[in-house]
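To start, the structure itself, in structure tokens.
The values are calculated or read from the model by the stated rules, or taken from the named source; none is laboratory data. Note that this is a predicted model, so its numbers are computed, not measured. Every residue, glycine as well, gets a Cβ built from its backbone with ideal geometry; the counts of neighbours run over all protein chains shown. Heads up: the accessible areas ignore ligands, DNA and RNA and are worked out on the full protein's heavy atoms, side chains in. Shrake-Rupley method; radii C 1.70, N 1.55, O 1.52, S 1.80 Å.
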2 protein chains.
Amino acid sequence: MIQKYVFGNPFDTEAVVKEIPEEPIGEGGIPHLTMADGNVFSYRMDDGDVIYGLGENVRGINKRGWLYISRCTDDSHHQEDKHSLYAAHNFFIVDGRERFGVFVDTPGRVSFDLGYTDRRMLTVTVEAGGFVLYILEDDSLREMVRQFRKLTGRSYIPPKWAFGYCQSRWSYETADEVREVVRRHRENHVPLDSVCLDIDYMERFKDFTVDEEKFPDFPEFVKEMGEQNIHLVPIIDAGVKVEEGYPVYEEGVKNGYFCRREDGSEFVCGVWPGRVHFPDMLNPDARRWFGDWYRVLLDQGIEGFWNDMNEPAMFYEEGHLEEVLDEVEKFKGTNIGIYEFFDWQKLVESVHNNPGDYEKFYHQTPAGRIRHDKVHNLFGYNMTRAAGEAFERLSPDRRILMYSRSSYIGMHRYGGIWTGDNYSWWSHLLMNLQMLPGLNMCGFLYTGADLGGFGSDTTEDLLLRWLELGIFTPLMRNHSALRSRRQEYYQFGSEDDFRNIIGLRYGLLPYIYSEFMKAALTDDMMFMPLAFVYPEDSEAAGVEDQLMAGESIMIAPVYKQNAAGRYVYLPEEMKLYRMRSVTDMDTEVLPAGHHYVKAALNEVLVFLRPDHIVPMSCGGESVADVEGSKLRLLHFVKNQAVYDLYDDDGYSRNTDLEKSLTGITVDRDGTVKVNGEFAADRVLTI
Amino acid sequence: MIQKYVFGNPFDTEAVVKEIPEEPIGEGGIPHLTMADGNVFSYRMDDGDVIYGLGENVRGINKRGWLYISRCTDDSHHQEDKHSLYAAHNFFIVDGRERFGVFVDTPGRVSFDLGYTDRRMLTVTVEAGGFVLYILEDDSLREMVRQFRKLTGRSYIPPKWAFGYCQSRWSYETADEVREVVRRHRENHVPLDSVCLDIDYMERFKDFTVDEEKFPDFPEFVKEMGEQNIHLVPIIDAGVKVEEGYPVYEEGVKNGYFCRREDGSEFVCGVWPGRVHFPDMLNPDARRWFGDWYRVLLDQGIEGFWNDMNEPAMFYEEGHLEEVLDEVEKFKGTNIGIYEFFDWQKLVESVHNNPGDYEKFYHQTPAGRIRHDKVHNLFGYNMTRAAGEAFERLSPDRRILMYSRSSYIGMHRYGGIWTGDNYSWWSHLLMNLQMLPGLNMCGFLYTGADLGGFGSDTTEDLLLRWLELGIFTPLMRNHSALRSRRQEYYQFGSEDDFRNIIGLRYGLLPYIYSEFMKAALTDDMMFMPLAFVYPEDSEAAGVEDQLMAGESIMIAPVYKQNAAGRYVYLPEEMKLYRMRSVTDMDTEVLPAGHHYVKAALNEVLVFLRPDHIVPMSCGGESVADVEGSKLRLLHFVKNQAVYDLYDDDGYSRNTDLEKSLTGITVDRDGTVKVNGEFAADRVLTI
């Protein structure tokens, strides 16, 4: 059940797609919550209460014990004390004495004090403006999420090739550099499906341009890559360079499609190219116009993009930068003690990513002119919506890959997300895992972290271990920052291990694609906390480093340096597959309970549930290679194992769930039955 | 066995106190290591090789897989990708195919690439100057450490009251604020032995002054606190304020005791008070002079200090600051794109903690004038040595508490260390544990981290869990930074839990003091990796989150938020004491192997080894309270449990190990025998 309460005059975020009647706020107030001042909602927690959700945020699967603030921000330092990352995902569930979900639909800032100030108190504060509060109730956590997802609409579905391995770097600067990356993979039979082009492919960082010196005859290059089953995935930034003669700039100015200052002039701030304007993503006309610009690259053969810097990120705002430079001069010749030094630090740090700068420009929305800070959390969402809606117009038959850095619930209908600029830290490998269920709850199914870590210098073992998680995440991308250690597999010594681990992704592809598609088409989660599947198991509720990955398996990656294995909790008897490659694995049936399980650096632990099946392919070097592969079935039959395998052509927008399913059954005696459109002779091994 | 190899003309760090004959570097080179270029030493590791040591550094007990650089630095952001913290502790042991120790004795920069560049290769590079290389060999890890510790001299011993709980804050600004802190502890019977005075007790941040407005009649206040068994522990900074009429400044200038620029003028940089000079800690005369200044506070009744900012930390160097301010102006009116923005960031960040500034001043050492960067890692060491040597002169009969932020091996003879400006992160609770054995190996026994975390905002559960480790560390201090959330126990709701957990420290005091003193007097470790005690157990070698704490127990604190327990590996059968307070605990005998053990937020897990004893007191609200307490013996008797209890008056510098020991025996039938100077009737409970 979902109840809807409206407070004030909320701006329509368009997060919700389903009409729900509004409930009156009566004497009894809001269910479960105590209301104060019309914008503060609190709840007294029991010791054992667990909180799930909030999508992209730091800390554990259980979000309890910290203060989270929905305020999209370009802050790459994702230590555990951060309150905000790039996204605003205002949905959570309390599970304990009571079981209920809360979605705060508002484009502004919201704080979620989940036992931070007082470890027994949950307090949600909507900091400004009107808002809609949805209260969800259901006996089942998973069903409650399904209800929420039906409320907010079907999740974005990328083309199948986007489930292949992606190698990225800020930046591969020339076509030859990209060729070299591809060659090193193909030559050594390390699978690869795509290469990202970071900002340097552009001409002076101008969106929808390609630097002709670095990438001569780009359409031909795209084709050349395509012939090797490699997709190029260029980045698009939120800011449009201010430059006479640059048509995106000139059209935007002419049509009034850029965000403006209070005085009506175009707002200027500094991003990659220096001075830019922001397209007014909250103006439907501007959104359509900006979306149409993606055609320039689509027409050159590009089939996927990533939208960056769309919190929106600002290196500086012109006016504030001037002020800072003036203030800085005043330090000359003075005695700078501790407090003056703090002032200096605060001053120079205020240049970058300054929330105050969000008060300096306006959007022309269907609801009238609104200052950016009031609708801040919707910017990245609507940039990606611009692209997503354009793709429906420009590529009505074929899905286009799209993932964004910033997001708000609702954006999950138009694109996936990567989880931003993480670091080459072991703690971020764990955070990658811990974030997945919350993201799925909020509709973000196509998602992944920068494997190996974006900032700082990775190590071979960290990259290997991270890939061992990454083979399960829909977006599987190795990406790293300018000036950090290079982290293509061939920078290290263990070539065989990398080939085998990345190869496992291609082996698991039938399962991963099937689970993803079923989750997307039925509004379900792909990655779940154990408690979502074993609600009666109180130990399961405490497990913070394992996930149910689809219906058949539990994953438990190693995320500690130098570890020869790890502890794993099994809520029920399971069959462990210790995988070294698509063809090299050993198995062991383990009873329910706690175990220490060995996992060498080149081994992946997959725990198969009783009466479940994992369909695997025979591997391949690209997703196209895997198409039509015979199926190898991993199974753990107690009575009868059943699996509904989803598959399709991998690109059509219109998919029919029922028609795309193949029923597979394995009986106790080993008999395999296959129904549906796929021939039984595809099953190679059991 | 220790072999000594001398390269070039090393500066005498005085880390080593024992004469060892120099070995010739023959055809065979150095044992175990492959030498290149006279300053690069490498070793090919086997997969299972483990590396212990390097004292204060990030990452695990096993240091393998990262690059560590000995270069003392004031960098409070101790993420796992940092290469250097505040100290230079150049001793490590390789344990695996071969077993050997390496100590690189040099005052300059050394890098330890322990499987970072190539995960199979260990490479030590001494970056400049002469150095002495010591190679240690022994079948026993623990014995190898003892040899190293005999080489470098007996560890510093603080007064016994310094094992009590310390409440600190940057800053308690007035005497009344301190009184309030003490009152809140005494009133609610939460134990407390000391309160730190951070920089604001001083008059304009001038060392050896007390602000008379904030702390009127300081000697009287010290006495008033003393009457409540509270010791005040003021901070001393490395920089001496440049101020006419300030005697420390004037004497230093007059006698030429400050570090100088190349042109002979006093070097100026900015720290707390603004412009300061650095006393030339490497000039024995200056060191003696600076040490004598501690008398000003000793004479007012102070018995303990902490030495801060002695890397030495610099907010800015005057000349470089001018340059930066000039450069900053050039950004005015330009288009700042990505690369210009990086230049801006690099420029403004270069003001603080700039290694280049260490090339701008000189020391007058017994070996002549030396530029600071060549001897950089010895500064904090010699500041603390100045104090330690002064205390021996000024307080020949009573120990004085001293701990430092920066250190080098050798300093462990003069003071302890706290592990610097950590954060209120759960990961730093684990790092606290993981650092302890490496610190002990390098001689630093009196040590601890800022419990609850210094920077950022703590939570009640983090503080409780951190205290549950802190009750075992010799320095047990709750400290936090200006502008962070206050974290005295009474800022939170669980008063009883805090009283009980902190109370446990006082219950365990007889054991902790005894183990500390025995370790100090026999050059042993107090905190050991499991492999040091169970060398044949290959699983034990992989345990990264448990420690042997003294001879009787293994500790396994909970370091994850919302955890209801944790996994523990037992190398042998042990008796678990799940402690809630000095008098409230349950016990369970657990077999060797892996276990999941419950530990509620108010519970401490202590694992007692077979045939071992933990002597506890009946508790108290100060260390003085515990004196003469009856002993409660925890024991786990399989055949006969034996314990040598060390105790003394807690302040005398001269201690006699043999005379201070009481032999305690518990037989299988429960018979207790007590030998030595303590009366058998002190034993209250078994």
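Brief remarks follow.
- Meeting the requirement of 2 or more residues that are touching a residue at least 12 places away in the same chain (Cβ under 8 Å) and open to solvent by less than 20 Å² (accessible area, probe 1.4 Å), the strands (runs of 3 or more DSSP E) wholly within segment A:284-393 are A:304-308, A:362-365.
- Single residue of B:GLY55, B:GLY60 found to be surrounded by 21 or more Cβ atoms within 10 Å (Cβ to Cβ), away from chain A (no Cβ under 14 Å), within 27 Å of B:PHE532 (Cβ to Cβ) and not charged (D, E, K, R): B:GLY55
- Restricting attention to segment B:231-242, the residues that are without any contact (Cβ under 8 Å) to a residue 60 or more places away in the chain and crowded, with 24+ Cβ neighbours inside 10 Å add up to 2.
- Per-region count, segment A:71-83, residues open to solvent by less than 10 Å² (accessible area, probe 1.4 Å) and within 13 Å of another protein chain (Cβ to nearest Cβ): 1
- Complete set of residues in segment A:570-620 that are of a type in the set (Gly, Ala, Ser) and within 14 Å of chain B (Cβ to nearest Cβ): A:ALA592, A:GLY593, A:ALA599, A:ALA600
- Pairs, first of a type in the set (A, V, I, L, M) in segment B:414-430, second open to solvent by 10 Å² or more (accessible area, probe 1.4 Å), C-beta under 8 Å, six or more apart: B:LEU429/B:PRO557; B:LEU429/B:TYR559; B:LEU430/B:ASP545; B:LEU430/B:TYR559
- The residues on offer are A:ASP113, A:ASP37, and the sole one that is within 14 Å of chain B (Cβ to nearest Cβ) and over 19 Å from A:SER406 (Cα atoms) is A:ASP113.
- Test for A:ASP497: is it of a type in the set (Asp, Glu), assigned to a helix (DSSP H, G or I) and modelled with pLDDT of 95 or more: yes
- Within segment A:394-433, if we keep just the residues that are within 14 Å of chain B (Cβ to nearest Cβ) and not in a loop (DSSP other than H, G, I, E, B), the residue that is nearest to A:TYR156 (Cα to Cα) turns out to be A:LEU433.
- Residue match in segment B:548-562 (condition: more than 19 Å from B:TYR52 (Cα to Cα), free of Cβ contacts under 8 Å to residues at least 24 places away in the same chain and within 14 Å of another protein chain (Cβ to nearest Cβ)): no
- Yes/no for B:GLY130 being within 22 Å of B:GLY410 (Cα to Cα), surrounded by fewer than 21 Cβ atoms within 10 Å (Cβ to Cβ) and away from chain A (no Cβ under 13 Å): yes
- Candidates are the residues of segment B:439-463 that are crowded, with 24+ Cβ neighbours inside 10 Å and assigned to a helix (DSSP H, G or I); the one that is nearest to the other protein chains (Cβ to nearest Cβ) is B:GLU460.
- Subset of segment A:199-237 [on the phi > 0 side of the Ramachandran plot and of a type outside the set (Phe, Trp, Tyr)]: A:ARG204, A:ASP217, A:ASN229
- Answer residue from segment A:174-221, given it is hydroxyl-bearing (Ser, Thr, Tyr) and surrounded by 21 or more Cβ atoms within 10 Å (Cβ to Cβ) and is farthest from A:GLY252 (Cα to Cα) among those: A:SER194
- Screening A:TYR68 on (1) within 14 Å of chain B (Cβ to nearest Cβ); (2) in a loop (DSSP other than H, G, I, E, B); (3) under 21 Å from the mean Cα position of the chain (by Cα) shows it passes everything except condition (2).
- A Cβ distance below 7 Å, combined with a sequence gap of six or more or placement on separate chains, defines the contacts here; from segment A:34-47, residues that are farther than 14 Å from A:ASP113 by Cα and in a loop (DSSP other than H, G, I, E, B) reach residues that are of a type outside the set (Ser, Thr, Tyr) and open to solvent by less than 30 Å² (accessible area, probe 1.4 Å) in the pairs A:GLY38/A:PHE7.
- Matching entry among B:TYR511, B:TYR489, B:TYR534 (being open to solvent by 10 Å² or more (accessible area, probe 1.4 Å) and among the hydroxyl-bearing types (Ser, Thr, Tyr)): B:TYR534
- Near pairs, Cβ below 7 angstrom, 6+ apart or cross-chain, from segment A:243-254 (farther than 12 Å from A:TRP289 by Cβ) to any residue that is among the β-branched types (Val, Ile, Thr): A:TYR249/A:VAL240; A:TYR249/A:VAL242
- Every listed requirement among (1) closer than 14 Å to A:HIS185 by Cβ; (2) open to solvent by less than 10 Å² (accessible area, probe 1.4 Å); (3) charged (D, E, K, R) is met by A:ARG499 save one, (2).
- Entirely in segment B:630-686, the strands (runs of 3 or more DSSP E) that have 1 or more residues that are within 21 Å of B:VAL582 (Cα to Cα) and modelled with pLDDT of 90 or more: B:631-636, B:640-646, B:661-667, B:672-674
- For the residues B:ARG71, B:ARG64, the requirement of being out of contact with any Ser or Thr (no Cβ under 8 Å at 6 or more places or on another chain) and either in contact (Cβ under 8 Å) with a residue 40 or more places away in the chain or of a type in the set (S, T, N, Q) (or both) singles out B:ARG64.
- Residue check, B:GLY650 under 17 Å from B:ASP193 (Cβ atoms) and open to solvent by less than 10 Å² (accessible area, probe 1.4 Å): yes
- Scanning segment B:84-116 for residues that are under 18 Å from the mean Cα position of the chain (by Cα) and either of a type in the set (Asp, Glu) or in a loop (DSSP other than H, G, I, E, B) (or both) yields B:SER84, B:LEU85, B:TYR86, B:HIS89, B:ASN90.
- Of residues in segment B:466-486 being of a type outside the set (A, V, I, L, M, F, W, C) and within 11 Å of chain A (Cβ to nearest Cβ), the one most open to solvent (accessible area, probe 1.4 Å): B:ARG483
- All positions within segment A:265-283 that are among the small types (Gly, Ala, Ser), surrounded by 17 or more Cβ atoms within 10 Å (Cβ to Cβ) and either in contact with a Phe, Trp or Tyr (Cβ under 7 Å, 6 or more places away or on another chain) or more than 14 Å from every other protein chain (Cβ to nearest Cβ) (or both): A:GLY270
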